[in-house]
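Student: This is the structure, below, for whatever I ask next.
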Amino acid sequence: MTPREKDFHAVTNRKEQILDAAASLFANNGYYKTTTAMVAAEVGVTQPYVFHFFKSKEILYLAVLERAQKRLIHAFSQVEAPAEMLHHHMGEAFNELMATHRDETLLCMQSYTTPEPNVRVIVKQRFAEVHKLITERFERAGIPNPRQQASTFIACGMVITMSEILELPILGDLGHLGHTE
C-alpha cells in the first residue's frame, strides 16, 4: 500500500468512526441533545475535524440516516424466500440489522420524530422508498394486499424499535415481523 493509499484509508476509517459515534449519540440522546463536540470527543478528534467531513450537525445527521437507510434497503433487497416465508425472512433481516447496527437502525426508525424541515423532507423520502421496496417485493411474491402488508411490516418494525428504546421487550414480542395471518 502506498503512503497515499494509507492516508486515504485512515481518513475513510476516521469518517466511518465519526458516523458510528454520531449514530450512537443521536440514537441515545436525540438530535437536539447531541452536539458535534460530543461526536468529536467520542472519536477523539477535534470539532473542526468533524466539520471537515460534515459542514453541520444536520448534514452529519442526514449522513448517518443515509447510511442506515442504505443498509436497510440492501438487507431487504437481498432476502430470497418463497412467498409464505418472505415476511419472516425480511423480519430476520431487520432483526439482524438491529443486532449488528442497533443504534443506526434505531435512529433510522425513529428519525421521523425530528422536526427539522430539511430532515423531515429526507426522512419522508426514505420511508417512502423503503415502503415502495417492500411493497414491490411482496407484490412480486404474489402476497395479497402488498401495500397494506408493507405498511404492516413497517409498523411492526416501529413497534420493535419502540420496544428497544423503552427497554420493554413485551412490546416487541410480535412473532414473525410483519406477518399477518
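Student: Being without any contact (Cβ under 8 Å) to a residue 60 or more places away in the chain, closer than 19 Å to MET90 by Cα and open to solvent by 40 Å² or more (accessible area, probe 1.4 Å) is the filter here; which residues of segment 122-139 pass it?
Tutor: PHE127, ALA128, HIS131, LYS132, GLU136, GLU139
Student: Considering only segment 34-72, state which residues are open to solvent by 20 Å² or more (accessible area, probe 1.4 Å) and touching a Lys or Arg at 6+ places or on another chain (Cβ under 6 Å).
Tutor: The one that is open to solvent by 20 Å² or more (accessible area, probe 1.4 Å) and touching a Lys or Arg at 6+ places or on another chain (Cβ under 6 Å): PHE53.
Student: From ALA75, ALA99, which residue is part of a helix (DSSP H, G or I), open to solvent by less than 60 Å² (accessible area, probe 1.4 Å) and without any contact (Cβ under 8 Å) to a residue 24 or more places away in the chain?
Tutor: Going through ALA75, ALA99 in turn, just one is part of a helix (DSSP H, G or I), open to solvent by less than 60 Å² (accessible area, probe 1.4 Å) and without any contact (Cβ under 8 Å) to a residue 24 or more places away in the chain: ALA75.
Student: Would you say ILE59 is closer than 23 Å to ASN118 by Cα and touching a helix residue (DSSP H, G or I) at 6+ places or on another chain (Cβ under 6 Å)?
Tutor: Spelling it out, it is not the case that ILE59 is closer than 23 Å to ASN118 by Cα and touching a helix residue (DSSP H, G or I) at 6+ places or on another chain (Cβ under 6 Å).
Student: Moving on. How many residues does segment 140-170 contain that are open to solvent by 70 Å² or more (accessible area, probe 1.4 Å), farther than 18 Å from GLN78 by Cα and more than 19 Å from the chain's Cα centre (by Cα)?
Tutor: Counting residues in segment 140-170 that are open to solvent by 70 Å² or more (accessible area, probe 1.4 Å), farther than 18 Å from GLN78 by Cα and more than 19 Å from the chain's Cα centre (by Cα) gives 7.
Student: Report yes if some residue within segment 160-171 is touching a Phe, Trp or Tyr at 6+ places or on another chain (Cβ under 9 Å) and either assigned to a helix (DSSP H, G or I) or modelled with pLDDT of 90 or more (or both); otherwise report no.
Tutor: yes
Student: Does GLU104 count as open to solvent by less than 40 Å² (accessible area, probe 1.4 Å) and not in a loop (DSSP other than H, G, I, E, B)?
Tutor: The answer is yes for GLU104.
Student: What number of residues within segment 10-52 satisfy the criterion of being small (Gly, Ala, Ser), modelled with pLDDT of 95 or more and under 29 Å from LEU166 (Cβ atoms)?
Tutor: 6
Student: Could you give every pair whose Cβ atoms fall below 7 Å, whose first residue belongs to segment 57-71 and is over 14 Å from GLN110 (Cα atoms), and whose second residue is open to solvent by less than 30 Å² (accessible area, probe 1.4 Å) and of a type in the set (Ser, Thr, Tyr), counting only separations of at least 6 or pairs across chains?
Tutor: LYS57/THR36; LEU60/THR36
Student: Any residue that is of a type in the set (A, V, I, L, M), open to solvent by less than 80 Å² (accessible area, probe 1.4 Å) and in contact with a helix residue (DSSP H, G or I) (Cβ under 6 Å, 6 or more places away or on another chain) - is there at least one of those in segment 111-121?
Tutor: Checked against the condition, which is being of a type in the set (A, V, I, L, M), open to solvent by less than 80 Å² (accessible area, probe 1.4 Å) and in contact with a helix residue (DSSP H, G or I) (Cβ under 6 Å, 6 or more places away or on another chain), segment 111-121 yields no hits at all.
Student: Before we move on, is LEU86 more than 15 Å from the chain's Cα centre (by Cα) and either closer than 15 Å to ARG126 by Cβ or open to solvent by less than 40 Å² (accessible area, probe 1.4 Å) (or both)?
Tutor: Answer is yes for this residue.
The values are calculated or read from the model by the stated rules, or taken from the named source; none is laboratory data. These figures come from a predicted structure and were not determined experimentally. Glycine gets a Cβ as well: all are built from the backbone with ideal geometry, and neighbour counts include every protein chain shown. Ligands, DNA and RNA are stripped out before the accessible areas are found, and what is left, the full protein with its side chains, is counted by its heavy atoms. Shrake-Rupley method; radii C 1.70, N 1.55, O 1.52, S 1.80 Å.
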